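I have placed the structure first, in the form of structure tokens, so that the comments after it can refer back to it.
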């Protein structure tokens, strides 16, 4: 199969300001030795996933974009902030360490749930787990037991930021991990789609 014809591995996410991600990294850095066997996520790769789409044929891109535009237009903007550390699925068998976001106006939740319902009509599966807005900080090679409480974050340094858009990303798998490439950005409460011009232009249109 030609490269231009290959399905795209896609997901929808919200970008967190780089300064906030760097402050989060500084806060977690002194505690890294407490998490044995962790594979840490690069700051540049951290995002809040709203919906993982998986392999999507190019023939479905137009319909997908229409849904994303409609959901973004119907959504509202609002402030969120990085709030606390957590793990999936739990402290006795942790596989993922994450930083959760406080979403007082349910901005992220409403968009995620709206996408889940709207994209089901295009054949994408409905999420079985409740939505937890988070940034993935690390994954463990094998599940670990955490007996001590997770460190508290300096929330006074992690200022709230406005969620004003959602982004469609393509995930390309490489020997050293996935590489995320932005495809398009959709403004919340607006009707403008701003394409991100990249190597996928010929395929995405």
Cα long-axis angle, helix 61-74 against the chain (0 to 90 degrees, to the nearest 10): 60 degrees
Fewest-first ranking of 59, 45, using other Cβ atoms within 10 Å as the exposure measure: 59, 45
Angle in degrees between helix 18-28 and the longest Cα principal axis of the chain, rounded to the nearest 10: 30 degrees
Label-point gap, in nm, between residue 155 and residue 52 - each point 7 angstrom along Cα→Cβ: 2.8 nm
Using alpha-carbon coordinates, inclination of helix 107-120 to the longest axis of the chain, degrees: 50 degrees
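Defining a contact as two alpha carbons under 8 Å apart and six or more residues distant in sequence, what relative contact order in percent does region 18-144 show?
Working: 157 pairs, mean separation 44.1, N = 127.
The value is 35 percent.
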Extent along principal axes [Cα atoms of the chain; Å; largest to smallest]: 49, 39, 31
Highest average packing first - 21-34, 100-113, Cβ atoms within 10 Å: 100-113, 21-34
Full-extension gain in nm, residue 139 to residue 174, via 0.36 nm per residue minus C-alpha separation: 10.9 nm
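Using 0.36 nm per residue, how much length does the chain from residue 146 to residue 132 gain when fully extended, once their Cα-Cα distance is taken away?
Additional length available on full extension: 3.0 nm.
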Value at 222 nm in deg cm²/dmol, rounded to 500, when DSSP H runs of n ≥ 4 in the chain each add -39,500 (n - 2.57): -6500 deg cm²/dmol
Nitroxide proxy distance, nm - points 7 Å out along Cα→Cβ at residue 43 and residue 60: 3.6 nm
Computed Rg/Rh of region 47-160, alpha carbon atoms with Kirkwood Rh: 1.03
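Since every read-out is calculated from the coordinates, none of them should be taken as a lab result. Bear in mind the structure is a predicted one, so any value in this text is a computation, not a measurement. Don't worry about glycine lacking a Cβ; one is built from the backbone with ideal geometry, like all the others, and counts go over all protein chains shown.
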